[in-house]
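See structure below.
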Amino acid sequence: MAKKLDKVDVVVVGVGWAGGIISAEMAKAGKDVVALERGDYKNRSDYIGVKDELRFDNRYEIMQNLSGDTITSRNEKDEKALPVRTRTNMQIGANLGGASVHWAGASYRYWPYEFEIRSQTIDKYGEDKIPKEMNLQDWGITYEEMEKYYDKWEKTAGISGEQDPLAPERENEWPNPPLKETPSLKLFKDTTKEMGLNPFQIAAGNMSETYENPDGQTLNACMYCSFCTRHGCDFSAKSDPLATVVPTAEEHDNFELRTGAYVRRVLYDKDNKKAKGVMYVDESTGQEYEQPADVVVLSAFAFSNNRLLMLSDIGEQYDPETKKGTIGRNFNGQYNSAFNGAKGFFEDEKFNLYMGAGALGAAVNDYAADNFDHSDLDFIGGGAIELRQYGFGAISSSANVPKDTPSWGKDYKEKSLHYAYRTLQIWYSAIAMSYEHNYLDLDPNYKDEYGDALLRSTYKFGDNERNIAKFGVEKCSEIMKEMGADIVEEDEVPEEFDHSFTGGHYTGGVVMGDDPETSAVNNYLQMWDVDNLFVVGGSAFPQFGSHHPTPTIGALSYRAAEGIEKYLDDGGQLAEAKTTKKVRNV
Amino acid sequence: MSQDNNGNDKNKKNADSENEDVDVSRRNFLKNSGVAAGGVVGGVVLGGLWNPFNSKEDTKSDEDDGSEMLQEARTFFSREDDFKTLAAATQRIYPKDDNGPGAIELGVPYFIDKQLTGYWGFNSKDYMQGPFEPDKSDSHGLQTKLNRGEMFLAGVRKMFEMSKKDHDEDFFDIEGEQQDEILEKFEAGDVDIPGLPSDVFFNLLRDTTIEGVYADPVYGGNKDMEAWKMMEYPGPRMGWSDKIDSEDFVSMDPSSLRDYQGGGL
């Protein structure tokens, strides 16, 4: 029997950037908040002195333990999906702080074009430019509306950056100056500049200087130690919730954090269309609890946000036959169609590639969004061309060999030692679209440790993904040649998705918009169907943008926090639906 | 695992003398049991006789740093033939050459043995509920019912068996080129092992070998950081904020996780 707990104002499910921001904002506003995190309690000391490539990069120490639950994957809707069994193929951030603890820190805003991608594409290129099966959608919010939320998140996170020459002018400077420049970054910038492109230093969630954020949390200056991506920071020098919003929330007595709390259901009153709270299991005792609340916030990874709605029978499941339903619709993400480019091998130069920081890098945005003419191109959208100096461990560097090298034996050893620090990679972070054939639902065969259905992903590339990736590879290859590499190798663009969810950025399924027929939440991330249920995070992306997702998730979380406060004060729907059909009142 | 290693490291000095004792008692045992004269060969005894780390080049580190040796015993693999087959295979994957030591000299077989006793070897953090479709491992990521430890056992036993059948000799006694031929068959997916596509096993063997070569020595491979020296990898450090913009390549002697944490308690 579930134990019923006292009602609170807000219950938050999942504490990464999204849940951390909501928790901090609600706590500051004096609301009674309970945050439930399925993972372990973590703080800064958990990541001090544990710089270990095998443990974090190869055994995925801080990724979700999949023994209890994973997702299943297939390409076509008539196939049987199989579970993604190992963390080699499924890397979801776990524990307090979520994926933001292991993120690299690349911090781009999405473009004005991207928030209104459908309308602007039609305006400029005509409706025929959009393939029939592509569910290209506006976000229901404009860049101009998003600006202040981006700004707020960037200040909380202490982002180090400089103005991208092609991006809209910023209302305020980046809170921190850009990171240092290395020889490889300089080579990229000098070369692309000579080619007539517009290079800049990537804005980074790695502190260029010691920084105190508006909530009074201090982040230290980055040491460029290289143990960054897939690791927690040794120095609290990376913007993450453990260094910022979580301690801010914890300063307030009206905030309570419960870790090891695995939420299995949103408790839903179907007749009145109200969320009553959540049911969760204390993972250390197995005891079930009901936590009632006036507002329920789902702020877990996109997979969990989708699955919890489906298991709780909230909203209408998307059906690819009828194209009806919004839950699980427009599932998308940065698949292996993104991040293709070119490798360069330099015989006469050795770079200090074992040094670095997650977002230490240079980029050009000449081929991002609609910054270039698409009239004669066979795709929509764009991406950044990036060169990063993450800082690589020895296991990782041993993979730096030209393609014709055997993967083992004498020749492999010789070449891998020779090229370990002579190899640079540039890539194109191509946009990924949503299609009517890609969606999430519950798997009929595989269960989690409690007997609940696993989430099932049905995903295949559209032509846009293949075509844009090929375009990006060509551009990267041109730059790498100009950079003077002795051997330039173009990445092979995969023909189909291979069920390896290693990109970490999976989004959509509970998307935002202004039409309840094609979106599940409004632009405050409040559900159209359920006024007191907010679904916050990457799950709201109608399609992916030109860049990595974190700043947009952070900004949307601040927007949602504002919405939740408004709802607690006034109630009701916070945004007006554009469609003439009043779907939510049917 | 790291705690064990740290604990042993702490007792470095004592370990030297202990190791000598072990050697003495082993010699006595061999003498007394008459094995050396061709008596009944027991596994333990054979294990003592066969020591891949006792190559000429390596006697120095054995004698000077006996603490390492105390960690070099099988705790996952039971059959000695399995372990010797594994060791020979890793040495073909990462051979000794002019650059420096190979997988055996770097302790990689013991690294693998230790990895397989832990959660990773038992796939404890992987989704292991059925139904299983092992043949779909190529297209859908690992789908085997066998866990990694079982895969290693099945794989090396098949190698051993193929060598016996094709060459009438143990895998670890045939020529390097002959070992390569067998490994290439595994790599191509041409070997039948129930529930285990052979290329899946080969990739696991290959990747785990490379991990053992280059992982921090705390895990039992990368002995004396020799692999890091070959690569000029400096190991975990406080950071590089004063060198990150350096025009020149910065090369230095490596330093381990134990150095970084300070070691001891």
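The values are calculated or read from the model by the stated rules, or taken from the named source; none is laboratory data. Here the structure is a predicted model, which means the values were calculated and not measured. For neighbour counting, all protein chains shown are included, and Cβ atoms are generated from backbone atoms with ideal geometry for every residue, glycine included.
Would you point out the residue of the stretch A:437-450, among those that are in a strand (DSSP E or B) and under 23 Å from the mean Cα position of the chain (by Cα), that is surrounded by the most Cβ atoms within 10 Å (Cβ to Cβ)? Here the answer is A:L440.
Quickly run through the stretch A:103-117 and pick out the residues that are among the small types (G, A, S) and not in a loop (DSSP other than H, G, I, E, B). Result: A:A106, single match.
Yes/no per residue for (1) more than 14 Å from every other protein chain (Cβ to nearest Cβ); (2) surrounded by fewer than 20 Cβ atoms within 10 Å (Cβ to Cβ); (3) of a type in the set (G, A, S):
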{"position": "A:E482", "(1), (2), (3)": "yes, yes, no"}
{"position": "A:E492", "(1), (2), (3)": "yes, yes, no"}
{"position": "A:P516", "(1), (2), (3)": "yes, no, no"}
{"position": "A:L533", "(1), (2), (3)": "yes, no, no"}
{"position": "A:L556", "(1), (2), (3)": "yes, no, no"}
{"position": "A:G563", "(1), (2), (3)": "yes, no, yes"}
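Selection of the stretch A:63-76 for residues being in contact with an Asp or Glu (Cβ under 9 Å, 6 or more places away or on another chain) and more than 7 Å from chain B (Cβ to nearest Cβ) yields A:G68, A:D69, A:I71, A:T72, A:N75. Within the stretch A:261-275, restricting attention to residues that are of a type in the set (A, V, I, L, M, F, W, C) and closer than 11 Å to A:L308 by Cα, the residue that is farthest from the chain's Cα centre (by Cα) is A:L267.
Screening A:A394, A:A399 for residues that are farther than 30 Å from A:P542 by Cα and either surrounded by fewer than 19 Cβ atoms within 10 Å (Cβ to Cβ) or out of contact with any helix residue (DSSP H, G or I) (no Cβ under 6 Å at 6 or more places or on another chain) (or both) leaves exactly one candidate, A:A399.
Note on the stretch A:77-92: residues that are touching a strand residue (DSSP E or B) at 6+ places or on another chain (Cβ under 9 Å) and either away from chain B (no Cβ under 14 Å) or of a type in the set (D, E) (or both) total 2.
Does B:E181 fit the bill of being in a helix (DSSP H, G or I), surrounded by fewer than 21 Cβ atoms within 10 Å (Cβ to Cβ) and either at the interface with chain A (Cβ under 10 Å from one of its Cβ atoms) or on the phi < 0 side of the Ramachandran plot (or both)? It is true that B:E181 is in a helix (DSSP H, G or I), surrounded by fewer than 21 Cβ atoms within 10 Å (Cβ to Cβ) and either at the interface with chain A (Cβ under 10 Å from one of its Cβ atoms) or on the phi < 0 side of the Ramachandran plot (or both). Inspect all residues belonging to the stretch A:428-436 and state whether any of them is part of a strand (DSSP E or B), away from every other protein chain (no Cβ under 14 Å) and either touching a Gly at 6+ places or on another chain (Cβ under 6 Å) or without any contact (Cβ under 8 Å) to a residue 40 or more places away in the chain (or both). Scanning the stretch A:428-436, I find at least one residue that is part of a strand (DSSP E or B), away from every other protein chain (no Cβ under 14 Å) and either touching a Gly at 6+ places or on another chain (Cβ under 6 Å) or without any contact (Cβ under 8 Å) to a residue 40 or more places away in the chain (or both), so the answer is yes. Looking across the stretch A:63-74, the residues that are surrounded by fewer than 24 Cβ atoms within 10 Å (Cβ to Cβ) and either modelled with pLDDT under 95 or under 18 Å from A:S100 (Cα atoms) (or both) come down to A:M63, A:N65.
Scanning the stretch A:326-343 for residues that are within 18 Å of A:F497 (Cβ to Cβ), part of a strand (DSSP E or B) and hydrophobic (A, V, I, L, M, F, W, C) yields one hit, A:F331. Exactly one residue out of A:K350, A:K343, A:K324 is more than 24 Å from the chain's Cα centre (by Cα), under 26 Å from A:S226 (Cα atoms), of a type in the set (D, E, K, R) and more than 14 Å from chain B (Cβ to nearest Cβ): that is A:K343.
Within the stretch B:246-265, being facing chain A (nearest Cβ under 7 Å) and assigned to a loop (DSSP other than H, G, I, E, B) holds for B:S246, B:E247, B:F249, B:V250. Out of everything in the stretch B:101-120 that is within 11 Å of chain A (Cβ to nearest Cβ) and among the small types (G, A, S), what residue ends up being nearest to B:G220 (Cα to Cα)? Out of the qualifying residues, it is B:A103. Each residue in the stretch B:212-245 was checked for being facing chain A (nearest Cβ under 7 Å) and not in a helix (DSSP H, G or I), and 13 pass.
Each row is one residue, and each column tells you yes or no for (1) buried (at least 20 other Cβ atoms within 10 Å of the Cβ); (2) in contact with a strand residue (DSSP E or B) (Cβ under 6 Å, 6 or more places away or on another chain); (3) under 19 Å from B:I104 (Cβ atoms).
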| site | (1), (2), (3) |
| --- | --- |
| B:D173 | no, no, yes |
| B:P194 | no, no, no |
| B:G212 | yes, no, yes |
| B:D245 | no, no, no |
| B:L265 | no, no, no |
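Evaluation of B:D190 against the conditions (1) surrounded by fewer than 22 Cβ atoms within 10 Å (Cβ to Cβ); (2) in a loop (DSSP other than H, G, I, E, B); (3) touching a residue at least 12 places away in the same chain (Cβ under 8 Å) shows that the sole unmet condition is (3). Residues that are within 13 Å of chain B (Cβ to nearest Cβ) and hydrophobic (A, V, I, L, M, F, W, C) within the stretch A:36-56 comprise A:I48, A:V50, A:L54, A:F56, listed in sequence order. In the stretch A:322-360, of all residues being under 30 Å from A:G462 (Cα atoms) and among the aromatic types (F, W, Y), the one that is surrounded by the fewest Cβ atoms within 10 Å (Cβ to Cβ) corresponds to A:F339. For the stretch A:186-216, a tally of residues being closer than 25 Å to A:V246 by Cβ and crowded, with 20+ Cβ neighbours inside 10 Å returns 7. When B:D168 is tested against (1) without any contact (Cβ under 8 Å) to a residue 60 or more places away in the chain; (2) at the interface with another protein chain (Cβ under 10 Å from one of its Cβ atoms); (3) of a type in the set (D, E, K, R), exactly one condition is not met: (2).
For the stretch B:219-228, the criterion of being without any contact (Cβ under 8 Å) to a residue 60 or more places away in the chain, within 23 Å of B:E105 (Cα to Cα) and surrounded by 14 or more Cβ atoms within 10 Å (Cβ to Cβ) is satisfied by at least one residue. Evaluating A:A469 against the criteria (1) within 20 Å of the chain's Cα centre (by Cα); (2) among the hydrophobic types (A, V, I, L, M, F, W, C); (3) surrounded by fewer than 22 Cβ atoms within 10 Å (Cβ to Cβ) leaves one unmet condition, (3). Go through (1) within 21 Å of the chain's Cα centre (by Cα); (2) closer than 30 Å to A:E449 by Cα and name the single condition A:A237 misses. Failed condition: (2). Per the conditions (1) outside any helix (DSSP H, G or I); (2) over 19 Å from the mean Cα position of the chain (by Cα), the sole criterion not satisfied by A:D138 is (2).
State whether the residues of the stretch A:462-475 include one that is in a helix (DSSP H, G or I), under 30 Å from B:S256 (Cα atoms) and free of Cβ contacts under 8 Å to residues at least 60 places away in the same chain. Scanning the stretch A:462-475, I find no residue that is in a helix (DSSP H, G or I), under 30 Å from B:S256 (Cα atoms) and free of Cβ contacts under 8 Å to residues at least 60 places away in the same chain, so the answer is no. Residue pairs whose Cβ atoms lie under 6 Å apart, separated by 6 or more positions or on different chains, with the first residue in the stretch A:222-239 and more than 10 Å from chain B (Cβ to nearest Cβ) and the second surrounded by fewer than 23 Cβ atoms within 10 Å (Cβ to Cβ), are A:T229/A:Y390; A:R230/A:F56; A:R230/A:D57; A:H231/A:F56; A:S236/A:R44; A:S236/A:N220.
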